[in-house]
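The values are calculated or read from the model by the stated rules, or taken from the named source; none is laboratory data. Computed from a predicted model, the values in this text were never measured in an experiment. Reconstructed Cβ throughout: ideal geometry from the backbone, glycine too, with neighbour counts over all protein chains shown. These area figures cover heavy atoms from the full protein model, side chains too; ligands, DNA and RNA do not enter into them. Shrake-Rupley method; radii C 1.70, N 1.55, O 1.52, S 1.80 Å.
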Amino acid sequence: MPQPTPPETSSPHSIRLEAVTLVRGNQHVFEGLTLSLQETRIGLIGDNGAGKSSLFRLISGLDQPQQGRVVVHGCDTQADRRQLSKHVGLMFQNPDDQIIFPTVAEELAFSLTARGETRQAARQQARDFLAQRGLEAWAGRAVGELSQGQRQQVCLLALQISEPATLLLDEPFASLDLLSQARLAAQLEASDHQILVSTHLLEHVYDFERVLWLEQGKVRADGPGREVCEAYAENVRERAAAERGRHA
Ligand SMILES: Nc1ncnc2c1ncn2[C@@H]1O[C@H](COP(=O)(O)OP(=O)(O)OP(=O)(O)O)[C@@H](O)[C@H]1O
């Protein structure tokens, strides 16, 4: 008997941008960008304004392209919006853009109610999830009284509890102290999710199997983390030296 063709959603890690044009304000951020992202660990690097956050906004369905399409694990981000949260979760660069609820447990529970859990079950699961990580004391804490780095941790926990197949982490190390950075790096290494990380701290993506260097909405380099990070760092050194020369 012929076997049915498996749906595209069965592909474990598959994100495709097909000839995507994105305009934000009056800025053409991407023009005809085509990308296939299947590796388990992918880093995004590049100057401020290169398009890293915009790429995450497209993949998570927050922004829609003016042309082309974005397909995440078989879900078209425009046509299948309701399915998308199962497949992809975005941790914002600024936790205050993500957090809605006054307490940590409520914020985590929201990730579950958004996926159909009852409020009571979601609250209990949130408390259990925190307790499993030795963070039971955080459950009732007011988010507004946490530090920026702690709020970032809450955002990551809120993503992890809902277990999307792909995590998009926008500068997750930016506000963390060194020990917290090391903890997060170890956590990411141990995770079996597909994880895309945008960062200016190159050491955190240096060993990734794939890193994209974005420059003004285009892919300037794409390859193993070590090669791409070294090429970008060299380019930055050259530009900094040229600037020093001009000001001398
Ligand atoms: N809310 C917005 N409205 C209009 N244009 C925007 C908006 N946010 C970003 N842009 C533009 O989109 C382009 C890409 O910005 P994006 O935030 O994606 O860059 P980035 O690589 O994430 O930068 P950073 O390293 O500073 O976070 C920039 O030219 C920026 O001016």
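For the range 116-248, the solvent-accessible area with a 1.4 angstrom probe is 55 square angstrom per residue. Couplings 3J(HN,Hα) for the range 204-213, derived from phi with the Karplus relation 6.51 cos²θ - 1.76 cosθ + 1.60 (θ = phi - 60°), are 6, 10, 4, 9, 5, 5, 9, 10, 9, 9 Hz, where x marks Gly and Pro. When the alpha carbon gyration tensor of the range 82-220 is reduced to an equivalent ellipsoid, its three semi-axes come out at 26, 17, 14 angstrom, largest first. Roughly how many percent of the accessible protein surface of the range 113-196 is carbon and sulfur, given a 1.4 Å probe and a whole-percent answer? Heavy-atom surface of the range 113-196 belonging to carbon and sulfur, 1.4 Å probe: 47 percent. With the cut-off at 1.5 for a/c, could you classify the range 205-248 from its C-alpha gyration tensor as rounded, prolate or oblate? The shape class here is oblate.
Is the C-alpha gyration tensor of the range 149-213 telling us rounded, prolate or oblate? Criteria: a/c under 1.5 is rounded; beyond that, a/b larger than b/c is prolate, otherwise oblate. Oblate, since a/c reaches 1.5 and b/c is not below a/b. Take the Cα of Gln66, step 7 Å toward its Cβ, do the same at Glu209, and the gap between the two points is 3.6 nm.
With a cut-off of 12 Å between beta carbons, the residues surrounding Val143 carry a summed charge of -2, where Lys and Arg count +1 and Asp and Glu -1. Rolling a 1.4 Å probe over the protein chains gives Ile42 an accessible area of about 0 Å². Here is how the number arises for the chain: DSSP H runs of 4 or more residues each give -39500 (n - 2.57), the sum is divided by the residue count, and the result at 222 nm is -11500 deg cm²/dmol.
When the surface is traced with a 1.4 Å probe over the full set of protein chains, Glu163 keeps roughly 120 Å² accessible. Residues Phe30, Phe208, Phe110, sorted by accessible area with the largest first, give Phe110, Phe208, Phe30 [1.4 Å probe; ligands and nucleic acids excluded]. A 1.4 Å probe over all protein chains sorts Tyr206, Tyr232 by accessible area into Tyr206, Tyr232, starting with the largest.
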